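Okay, structure first, notes after.
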């Protein structure tokens, strides 16, 4: 891991000068399982209070839903399902009436559109999620809706934080844009898999890791592969707008 860059006083998300700097955890701290060793370094990046607060709300809303869709027996998610259920008022006692009402309201919201698992192939199924092979039979498990905009926003937030660390304080600015792609392992283009194999994976705690593939031509283009809970894999590009698949190799990371 490179040395922590020095902040230029701007928020890495909105790019505005900060009146008060806060430390935004690159990988959401609340997403780390109970199995996380005490020596794990939690990367942080400079963020304004507004962006940090907005990201935190999205991270928490995603955590509740995602933690209910990951196999709870995996060490990489130890304790997360219990936390998610507690936030819904399940398995907790002694709460103030107002707090219990809030948690029950969240429970109704999360399960409002939940459906019994059918096993049908779905175009928008988050790669890596699905029925738990152990425990409750598949037909008794539920499909829970994941807010796609929140998922992509948090993923881009993580990329901005990682790039700030690795590119000596780089803040991603126009004309560069972050694009997020989620594909099932069997559908990943062979060229992308072969490309990312050339770069070592950085581990950021139980089940968290990423690979960074920078372009060798100095163009600033970057390809990221990020893994969360050793379950969900995201592929993200930092590219100028208008770049399409099949563009010249000089625009893509080279291994």
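Using r as the Cβ-Cβ distance of residue 107 and residue 15, and R0 as 41 Å, what FRET efficiency do you calculate, to the nearest 0.05?
Details: r = 37 Å, r/R0 = 0.91.
In this case the efficiency is close to 0.65.
Test of understanding: in a Gaussian network model of the chain with alpha carbons linked when under 10 Å, which of 128, 91, 161 would top the mean-square fluctuation ranking?
Evaluated over the chain, the most mobile residue of the options is 91.
Which angle between 0 and 90 degrees, to the nearest 10, do you get for helix 97-111 versus the longest principal axis of the chain when only C-alpha atoms count?
Value to nearest ten degrees: 70.
Roughly speaking, what is the centre-to-centre gap between segment 160-210 and segment 13-85 when only Cα atoms are used, to the nearest Å?
18
Thinking of the chain as a set of Cα atoms, what percent of all their pairs are more than 34 Å apart?
21
Please work out the FRET efficiency for the pair residue 93 and residue 219, using the Cβ-Cβ distance as r and a Förster radius of 41 Å; give the result to the nearest 0.05.
Values: r = 57 Å, r/R0 = 1.39.
With a Förster radius of 41 Å, E is 0.10.
At residue 73 and residue 200, where each label point lies 7 Å from the Cα along Cα→Cβ, what is the point-to-point distance in nanometres?
Modelled inter-label distance: 3.5 nm.
May I ask you to derive the relative contact order of the chain, considering only C-alpha pairs under 8 Å and at least 6 residues apart, and to give it as an integer percent?
Numbers: 390 pairs, mean separation 49.2, N = 255.
Once normalised by length, the contact order is 19 percent.
Note the angle between two axes, namely the Cα long axis of helix 49-67 and the longest principal axis of the Cα atoms of the chain, as a number of degrees from 0 to 90, rounded to the nearest 10.
50
What angle, in degrees between 0 and 90 and rounded to the nearest 10, separates the Cα long axis of helix 148-166 from the longest principal axis of the Cα atoms of the chain?
On a 0 to 90 degree scale, this one is about 40.
Suppose we keep just the alpha-carbon trace of segment 21-143; what are its Rg and Dmax in angstrom?
16.3, 48
Between residue 7 and residue 125, 0.36 nm times their residue separation minus their Cα-Cα distance comes to what?
Values: separation 118, 0.36 × 118 = 42.48 nm, distance 3.80 nm.
Additional length available on full extension: 38.7 nm.
Calculated FRET efficiency, residue 100 and residue 57, Cβ-Cβ r, R0 22 Å, to nearest 0.05?
For residue 100 and residue 57, the calculated efficiency is 0.60.
Do the sum for the chain: with -39,500 (n - 2.57) for every DSSP H run of n ≥ 4, divided by all residues, what is the mean residue ellipticity at 222 nm, to the nearest 500 deg cm²/dmol? Please report the intermediate quantities before stating the final value.
Working: 5 runs with 68 residues, N = 255.
-8500 deg cm²/dmol, from helical runs alone.
Laboratory data are not the source of any read-out in this text; all were calculated from the coordinates shown. Note that the structure is a prediction, hence the values are computed from the model and not measured. Quick reminder, even Gly has a Cβ in these numbers, built from the backbone with ideal geometry, and neighbours come from all protein chains shown.
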